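The values are calculated or read from the model by the stated rules, or taken from the named source; none is laboratory data. None of the values given here were measured: they were computed from a predicted structure. Cβ placement follows ideal geometry from the backbone for every residue including glycine, while neighbour counts extend to all protein chains displayed. Just so you know, the surface numbers come from the protein's heavy atoms only, side chains and all, with ligands and any DNA or RNA stripped out. Shrake-Rupley method; radii C 1.70, N 1.55, O 1.52, S 1.80 Å.
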Amino acid sequence: MPTPSTPPATLTGVVERIIFLNEDNHYTIAEFQPDQADPKSRPEAVTIVGPLPGVECGETLHLTGEWTRHAQHGAQFKVVSFRSELPASVYGIRKYLGSGLVPGIGKVYANKIVDAFGTDTFRVLSEESARLREVDGIGRKRAAAIKQAWDEKKAERELYIFLQTYGVTPSQCVKLVKQYGGQARQVLISEPYRVARDIDGIGFKTADRIAINLGFANDAPPRLDAGLIFALETLQEEGHTAYPESDLIDYAANLLETSAERLRARVQALVESAQVVRQPASVIQLPHNDRAERKIAEAVIRLERTASGLPPIKVDAALVWAQERAKIDFHELQRRAVKNALEHKFSILTGGPGSGKTTTLRALVDILKAKKARVHLAAPTGRAAQRLTETTGGFASTIHRLLKFDPAGGGFLANEDHPLATDFLVVDEASMLDTRLASALFQSVPTRAHLLLVGDVDQLPSVGAGNILKDLIAAGRAPVTRLEVIYRQQGQSSIVTVAHAINQGDPSLPPVVPDVASIPAWGDLAFVSAGSAEDCVRKVIELCTLFVPRHFPRLNPINDVQVLAPMHKGVAGVSNLNVQLQGALNGSSRGIRTPAGELRPGDKIIQLRNNYDKNLFNGDIGVVTAADGVTGTVEADFDGETHAFDRGDFGDLALAYCTSIHKAQGSEYPVVIIPLLKAHFMMLQRNLLYTGITRGRKKVFLVGEPAAYAMAVRNSEARQRLTHLKEKLGAL
């Protein structure tokens, strides 16, 4: 955005060609012909970028924004706002009508109409549409259809102008028109806060800005009600599924700049209308969070109170058999974990890396398979499911695929009424379970089946709201086995020992080297010192492009190396590292420009949201196999399956040479590189560093400032998540 001291730039001209258009948010890249000051000269076309809803080739636009420079594509005009007018020149009119803007008029009829009426064309369309029949080939029906389409487009344009007058951005205009059609104006005038409930991507702040511009009072009940729900939704994004009423009122009063007394009355009104739920001890929840937690608690009690459907198993003899099969002696805690899983319908197994969880699970699965029990294995992510398959010898799937999401119905096919056909369900990486997914999962477990949750309780909590694994452990309704003995590489793994030291609050640094060339050949973890963010990025790239190929020639630097950053922004953040790593690892090929950057064949990409139609889920990693600039499509391979993406899908994809540590939960990689700087201080905490380091299977390289490592280890005060699951379990 232009700085306050610099007036915004303006540009007027005609849209020559649409290069890229995202149908969802109308982000557009177009070739634009500026007005010519000298009639004898024709200025060079320029590239304009930004949200331009409803704009077509041939339109005259008055643009406001700023000039920017793209590293690859040169000067561009970044549009902040625009005003469209119908083109006055015959050239512009011909191009406008021939663009397909008006149904019933293609290039052939556009030329005929403009040849007949010239610069008077638009007046004829608006005021004397019957004259269209003077054009060869246009009869009464076609003329009427053209007139109707013309008028509808005019109404749509007037609506956009109205919406933008009240602070609605062009991309938000598109969503409002899609949702309400011609009623959008009336909805905004009478119920502006309704849009925050109805439309994904338009929240309370936008609705509030519109309402205040329309004259709604600061303390109007609709504003206070919407603000309280918005406050709960904001707290939900921070991980909370419940919040004390008095704290919620204080939070919302500060947010809305109003009195706590007014809000207290509105909370009661929302409770009475069932828009929020008040729990004992005056805890407030959104209804879907209350319902999800109740379903989890009811499922736990249901499992506790019914007999097991497993065939008879002599547990001690089975453990001896499993030990002989594995050719190792199990630790007492491992034997206890297997025994708990077989003797209790619901149990929990937790422990850090190298503590023997995999050996324990393999023994359990071997015993169950030998007894012909139906065993299902699941994990929240594809990579975690794949690893579970490899380590146990059973078949594992993601939870979403196990429960079979139904796009038509908006829910899972496996549910309380149609449970899974299983005798024993094992769920790995259970620390990643958020409340809504856990609710669906627990409801799908058959009454006579067993459920075992496996996870590392010291990792980061789920991205979604809730703290399921910790809450279930704290509730004390299931036997919990915590494995604490380190087994991996007979205790010699630096990754494992450093991870456990971090967990215990020991800030002692792993071996520090001044540069990449000084990294010792032995050991699986090293800290490469960097004096600045720029130096950090250079050394990360050197590790990926030189060190790994030289020392680990069998590893693919793109697929087998994962950079994990604590933050998205900044020089050593996810966004910039992706651009730099793409240039270093895949700079020769050309691809398709998208709002998030260029996607090229060979790029590693990540899916950013669940797409049930494509059977792709948030966090899935793939590789671009083809990028067609002519058709505007991308093909990518995700775990052996090819998926096609068009321009409307590009907003769901991002480069994945570097991801956030949160996004890497549930995954393991041969080599992990973690940039760690004091500038990341907002995110530096013990469980974040612990989670990042434990993603590495063979090698972990920390790159940055040693002081940042100590800052993270000493910060054990991860913000507490407030939930109501434990209380619900205690009440049943």
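Using θ = phi - 60° and the Karplus form 6.51 cos²θ - 1.76 cosθ + 1.60, what ³J(HN,Hα) does each residue of segment 282-292 get, whole Hz, x for Gly and Pro?
6, 9, 10, 9, 6, x, 5, 6, 4, 5, 5
Just subtract the alpha-carbon distance of residue 278 and residue 9 from 0.36 nm times their residue separation and send over the number in nm, one decimal.
91.6 nm
For residue 450, which sequence-distant residues (separation of 5 or more, or a different chain) have an amide H within less than 5 Å of its own amide H, given hydrogens modelled in the peptide plane?
Placed amide hydrogens put 424, 425 under 5 Å from residue 450.
Say a paramagnetic label sat at a point 7 Å from the Cα of residue 683, along Cα to Cβ; which residues of segment 574-616 have their backbone N under 13 Å from it?
574-578
Rounded to the nearest 0.05, what FRET efficiency do residue 62 and residue 218 have when you use their Cβ-Cβ distance and R0 = 35 Å?
Efficiency, rounded to the nearest 0.05: 0.50.
Given N residues in the chain, what is its alpha carbon radius of gyration divided by 2.2 N^0.38 Å?
1.11
Would you grab the residues whose amide H sits under 5 Å from the one on residue 405? Only those 5+ places off in sequence or on another chain, please, with H modelled 1.01 Å from N.
Sorted by chain and number, the residues that satisfy this are 413.
Taking loop as defined by DSSP and a crowding limit of 10 other beta carbons within 10 Å, which chymotrypsin sites (Phe, Trp or Tyr not before Pro) in segment 488-579 fit?
522
Quick one: Karplus J couplings for segment 720-726, per residue in order, coefficients 6.51, -1.76, 1.60, θ = phi - 60°, nearest Hz, x for Gly and Pro?
Once θ is set to phi - 60°, the couplings for segment 720-726 become 5, 8, 9, 9, 10, 5, 4 Hz.
Summing +1 for each Lys or Arg and -1 for each Asp or Glu, what net charge is found among the other residues whose Cβ lies under 14 Å from the Cβ of residue 710?
That works out to +1.
What number comes out for the charge environment of residue 296, summing +1 per Lys or Arg and -1 per Asp or Glu over other residues with Cβ under 14 Å away?
In short, +1.
Just reorder 600, 142 by solvent-accessible area, largest first, 1.4 Å probe, all chains present.
Listed by decreasing accessible area, they come as 142, 600.
With r defined as the distance between the Cβ atoms of residue 238 and residue 149 and R0 fixed at 45 Å, what FRET efficiency is calculated, to the nearest 0.05?
For residue 238 and residue 149, the calculated efficiency is 0.45.
On the first, second and third principal axes, largest extent first, how far apart are the outermost C-alpha atoms of segment 606-732 in Å?
Extents along the principal axes: 53, 49, 27 Å.
Evaluate the distance, in nm, between pseudo-label points positioned 7 Å from the Cα of residue 198 and of residue 588 along their respective Cα→Cβ axes.
About 5.4 nm, to one decimal.
Through the Karplus equation 6.51 cos²θ - 1.76 cosθ + 1.60, θ set to phi - 60°, convert the phi angles of segment 317-324 into ³J(HN,Hα) values in whole Hz; use x for Gly and Pro.
Rounded to whole hertz, the list is 5, 5, 5, 4, 4, 5, 5, 5.
Can you tell me the length gained on complete extension of the stretch residue 133 to residue 111, counting 0.36 nm per residue apart and subtracting the Cα distance?
Gain on extension, residue 133 to residue 111, equals 6.5 nm.
With Rg and the Kirkwood Rh both taken from Cα atoms, where does Rg over Rh land for segment 315-432?
Radius of gyration over Kirkwood radius for segment 315-432 works out to 0.99.
Which net charge results for the neighbourhood of residue 684, defined as the other residues with beta-carbon distances under 14 angstrom from its beta-carbon, given Lys and Arg at +1 and Asp and Glu at -1?
Taking every other residue near residue 684 into account, the sum is +2.
Mind jotting down the three principal axis lengths of segment 431-537 based on Cα atoms? Whole angstrom, largest first.
58, 35, 22
Summarise the long-distance tail of P(r) for segment 601-646 by giving the % of C-alpha pairs beyond 14 Å.
Looking at segment 601-646, the distances longer than 14 Å represent 45 percent of pairs.
Taking each pair of distinct Cα atoms in segment 216-346 once, what is the resulting Kirkwood hydrodynamic radius in Å?
18.6
Restricting attention to segment 629-700, which chymotrypsin sites (Phe, Trp or Tyr not before Pro) occupy a DSSP loop and are surrounded by at most 15 other Cβ atoms within 10 Å?
Within segment 629-700, the qualifying chymotrypsin sites (Phe, Trp or Tyr not before Pro) (loop, at most 15 other Cβ atoms within 10 Å) are 681.
Put a dot 7 Å past each Cα toward the Cβ at residue 264 and residue 554; how far apart are the dots in nm?
Calculated label separation equals 6.9 nm.
Suppose the chain between residue 191 and residue 475 were pulled fully straight at 0.36 nm per residue; how much longer would it get relative to their current alpha carbon spacing?
So the extension gain works out to 97.9 nm.
Can you list residues whose amide H is under 5 Å from residue 676's amide H, if they're 5+ apart or on another chain and H is modeled 1.01 Å from N?
Here 703, 704, 705 satisfy the definition.
Excluding same-chain residues fewer than 8 positions from residue 345, which lysines have a Cα within less than 22 Å of its Cα?
295, 314, 357, 369, 371, 372, 470, 726, 728
Nearest 10 degrees is fine. How inclined is helix 332-343 to the longest principal axis of the chain, computing both from alpha carbons?
Approximately 70 degrees, to the nearest 10.
Each label point is 7 Å from the Cα along the Cα-to-Cβ direction; what then is the distance between the points at residue 321 and residue 626, in nm?
5.1
Of the GluC sites (Glu not before Pro) in segment 255-284, which ones lie in a loop per DSSP and count no more than 16 other C-beta atoms within 10 Å?
257
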